[in-house]
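Heads up, the thing below is written out as structure tokens.
The values are calculated or read from the model by the stated rules, or taken from the named source; none is laboratory data. Computed from a prediction, not measured in an experiment: that's the story for all the values here. So basically every Cβ, Gly included, is an ideal-geometry build from the backbone, and we count neighbours across all protein chains shown.
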Amino acid sequence: MKRRDFLKTTAVGAAGVSLLGVPFSAAAAQSITLTILHTNDQHSRIDPIPDDGRKYGGMGGMAKRKTLIEQIRKQEQNVLLLDCGDIWQGTPYFNFFGGELEYKLMSEMKYDAATLGNHDFDNGLLGLEKMLPHAAFPFVSANYDFSKTILKNRFEPYKIFEKQGVRIGVFGLGIELDGLVSKNNYGETVYNDPVAVAREMVQELRDKQKCNLIVCLSHLGYKYESEMIDDVKLAQQVPGIDLILGGHTHTFLDEPTVVQHSSGHETLVNQVGWSGIFLGRIDFSFNKSSKKKTDVRTALLPVNIPVTTS
């Protein structure tokens, strides 16, 4: 499978000016580019998918992903690398090492932030606590209340990054654990309504922290036929989130879904399947003086770059 190098330009609502038709060099002189790379549902897939005739055979693998990420970082000045949960569970690496290898390799790739998925509780709160020192990146979790558990004060609801004066607020939302995870594994962790929490996060990040871009790392799932909250419903019900990066449903999207709130605000919703087969890329452009969004381009990058050794 050859790399899909498409870039699609999407409207960004009230952000205003489109850069379509403007030469790249001229646009670059007037703007700041933020490149967001993202994964979800890695499920302990350290090696590529076995190349034995199955779908996606030969694709993925953390070594190939690291090579791809490093190539992009050499080309782009402002890069954020994010993950949306279910880092663990799915290969013997997890059974033997309990998540240590996954966290160490993600640290090698210099992930900036991640959120928790339901499978990240599979070794219980003690197992999660034991592995956290191996993660050289923060986990953001806004709607899980760990105050009555051994993980009290171990997670922040959000993290703010600043790139060339552009402030990016990143917060995390997790799925309801009851029914998905054994009570013994999540203990007294309290699940709070993600819609109400997301509204609080938008107010905090936009109004108080003066963020220019708000990103939600979600493990709610892309879209359900039932009334169960998902990423699309979240975007419809909570104005002000610019980008929802999702997980849990293993949904392969060729390009983000654009959801327009009744207020007119547009939210991009994206998810890139599972097992690190693809790397999501979203490039936002901001006006250098106003720091307002002017353009967004997206790409779905197959992780199939040959890794050579010297």
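Restrict the check to the range 43-64 and report whether at least one residue is out of contact with any Leu (no Cβ under 6 Å at 6 or more places or on another chain), surrounded by 22 or more Cβ atoms within 10 Å (Cβ to Cβ) and under 23 Å from Asp283 (Cβ atoms). Yes, because at least one residue in the range 43-64 is out of contact with any Leu (no Cβ under 6 Å at 6 or more places or on another chain), surrounded by 22 or more Cβ atoms within 10 Å (Cβ to Cβ) and under 23 Å from Asp283 (Cβ atoms). State whether one or more residues within the range 246-265 are on the phi > 0 side of the Ramachandran plot, at pLDDT 95 or above, among the small types (Gly, Ala, Ser) and in contact with a His (Cβ under 9 Å, 6 or more places away or on another chain). No, every residue in the range 246-265 fails to be on the phi > 0 side of the Ramachandran plot, at pLDDT 95 or above, among the small types (Gly, Ala, Ser) and in contact with a His (Cβ under 9 Å, 6 or more places away or on another chain). Quick check, is Glu102 touching a helix residue (DSSP H, G or I) at 6+ places or on another chain (Cβ under 8 Å), surrounded by fewer than 14 Cβ atoms within 10 Å (Cβ to Cβ) and within 16 Å of Leu132 (Cα to Cα)? No; evaluated as a whole, the condition is false for this residue.
Test Met201 against the stated conditions and say whether it is of a type in the set (A, V, I, L, M) and either in a strand (DSSP E or B) or more than 17 Å from Gly169 (Cα to Cα) (or both). In short, no. When the range 133-159 is filtered for residues that are in contact (Cβ under 8 Å) with a residue 24 or more places away in the chain and not in a loop (DSSP other than H, G, I, E, B), the ones remaining, listed by number, are His134, Phe139, Val140, Tyr144, Asp145, Tyr158, Lys159.
In the range 179-200, the condition of being over 26 Å from Ala135 (Cα atoms), more than 18 Å from the chain's Cα centre (by Cα) and at pLDDT below 95 is met by at least one residue.
In this structure, Ile72 does not satisfy being of a type in the set (A, V, I, L, M, F, W, C), at pLDDT 55 or above and buried (at least 19 other Cβ atoms within 10 Å of the Cβ).
Applying the condition of being among the β-branched types (Val, Ile, Thr) and not in a loop (DSSP other than H, G, I, E, B) to the range 160-176 and asking which residue is farthest from Ala196 (Cα to Cα) yields Val166.
Take Tyr191 and tell me if it is touching a residue at least 24 places away in the same chain (Cβ under 8 Å), within 24 Å of His250 (Cα to Cα), of a type outside the set (Val, Ile, Thr) and surrounded by 18 or more Cβ atoms within 10 Å (Cβ to Cβ).
no
Scanning the range 105-132 for residues that are farther than 25 Å from Tyr222 by Cα and part of a loop (DSSP other than H, G, I, E, B) yields Met109, Lys110, Asn123.
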